[in-house]
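See structure below.
The values are calculated or read from the model by the stated rules, or taken from the named source; none is laboratory data. Since we're looking at a predicted model, the values are computed, not measured. Cβ atoms come from the backbone with ideal geometry, glycine included; neighbour counts cover every protein chain shown. Ligands, DNA and RNA are stripped out before the accessible areas are found, and what is left, the full protein with its side chains, is counted by its heavy atoms. Shrake-Rupley method; radii C 1.70, N 1.55, O 1.52, S 1.80 Å.
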Amino acid sequence: MRLKEEELAEVQGEVDEVDSKILKVEQKFQKQQDKLAAERREIEEDEAKFEEQREGLLSEQEVIRDRIEGERQRKQGLADASKMAAESSVKAKAQVEEEEAAARRTVELRSELSELRAEESEASLQTDSLRAKVESSALDLEGRREALRSSLARAEEARATISEAEERLPKLEQEKKAAVAKKNFKDAAKFSSEAKALEEGKREAEGTLEELEGTVVDCEARVAEAEREAEDLGSELEAAEKEGRKLQDRHLRITIDMVTRAMEAAAASENFDDAASLQNELEVAQELKRDIEASLAEEDAEA
């Protein structure tokens, strides 16, 4: 037991000696450790400052990025606005050119319509004049035909008188002779008087017939002449009426063009009531134009 205690005391002595040496070593390097600790603190402080500066730089960098992005967006907005302004300018220019073209076309249509109305007025006067001539010609023709019919009737009447006299005279002569033979002079005188009247009537009828033959020939010539004149005037009237329909067709073409433009303008400005009213007018004009064109095509086919 004692031996162990001695051993322990010896070991403890050695430990104490080692601790003493360690203490001396620690004391020897304490200044260096303090210096290292101070340097470590400085490094940590520098790192903290650097981190603070880094965070500040990152924040400034973010601000700069935001400014750059804002500037980029501003420039892009200006570019987009410039592009839109250019496109709008092109569209506005095109619209102005279109409106100017439409205005010029409207002026042309109005000028053409004014000239056409003058042509229509002149054609209408010509047609009315021809129609009056046709009516007058028809009355004249009917008068000549009536004169011819009257002359033919008088000639027929004269022929009937002559035929009746030629048939009756021989019989009267026989009856007169028979009365004379019977000494019935009263009847003989009556038959003789009747024969004389028939002879006179026959001579007058023959004279009338001879006169009427020339009259009938003249009337027939006058009727033929009047018929030719009536036919010529009728042809002229048909041609004039056809030309009038052609002018109407041109008038309707211009009207349809102008009404269509007005309707589209009203619709573009959302004035749909006016657009609907103009559409009704357009449909009526188109239907009338189709009828006129069909009539003209039919006349051309017959010709």
Open item on the list: Going through Glu194, Glu199 one at a time, which residue ends up being surrounded by 14 or more Cβ atoms within 10 Å (Cβ to Cβ) and in a helix (DSSP H, G or I)?
Closed with: Glu194
Task: Scan of the range 202-225 for residues that are in contact (Cβ under 8 Å) with a residue 40 or more places away in the chain and either in contact with a Cys (Cβ under 9 Å, 6 or more places away or on another chain) or open to solvent by less than 40 Å² (accessible area, probe 1.4 Å) (or both), ordered by number - done: Lys202, Ala205, Leu209, Leu212, Val216, Cys219, Val223
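Every residue, every condition in (1) modelled with pLDDT of 75 or more; (2) within 15 Å of Asp257 (Cβ to Cβ); (3) of a type outside the set (Lys, Arg); (4) surrounded by 13 or more Cβ atoms within 10 Å (Cβ to Cβ), yes or no:
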| position | (1), (2), (3), (4) |
| --- | --- |
| Glu112 | yes, yes, yes, yes |
| Ala118 | yes, no, yes, no |
| Ala123 | yes, no, yes, yes |
| Asp128 | yes, no, yes, no |
| Arg131 | yes, no, no, yes |
| Val134 | yes, no, yes, yes |
| Leu139 | yes, no, yes, no |
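Within the range 110-155, track down each residue that is more than 28 Å from the chain's Cα centre (by Cα) and acidic (Asp, Glu).
Asp128, Glu135, Asp140, Glu142, Glu146
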